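Chemist: What follows is a single structure, and I will ask about it in a moment.
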Amino acid sequence: MGALTSWHSDHMLSGKPAVLKTQTIGLLSGTKFFSCAGDIRDGDCHIYKLLDDAILEEITLTKTKLGEIEGRLFELLTTVKEGSGDGQPLQGT
């Protein structure tokens with residue numbers, strides 16, 4: 001779950017990092033979620049992100065980044081192919 005490390009370190013309010021917690025009461029008992037570190041009843045915390053939602057957010061961001069990298073790679077390969085002079089890829093590609 002390395003990607004989630006970036007999610008919780010990037011989402012801070014009032015200087016408190018978001019941490020993974022488990023719901024202990026109510027209908028969602030056992031559900032994992034991100035919230036502020038420390039006591040959320042002090043009124044400073046405004047984060048409540050279900051773990052599943054955070055995972056989906058990370059997957060979406062990763063897919064977007066992958067698409068950008070793929071586009072840049074295609075541009076580079078096209079440039080290399082055009083630069084070989086004969087329209088053929090350079091050796092080793």
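The values are calculated or read from the model by the stated rules, or taken from the named source; none is laboratory data. Nothing here was measured: the structure is a model prediction, and the numbers come from that model. No Cβ is skipped: glycine too gets one built from the backbone with ideal geometry, and neighbour counts run over all protein chains shown.
Chemist: What pairs come up if the first residue lies in region 13-32 and is modelled with pLDDT of 85 or more, the second is among the charged types (D, E, K, R), and their beta carbons are under 7 Å apart, counting only those six or more places apart or on different chains?
Modeler: Sorted first by the residue in region 13-32, then by its partner, the pairs are LEU20/LYS32; THR22/LYS32.
Chemist: Right, another one. Can you say whether ASP42 is out of contact with any helix residue (DSSP H, G or I) (no Cβ under 8 Å at 6 or more places or on another chain) and modelled with pLDDT of 85 or more, as far as the supplied structure shows?
Modeler: So ASP42 does not fit the description; no.
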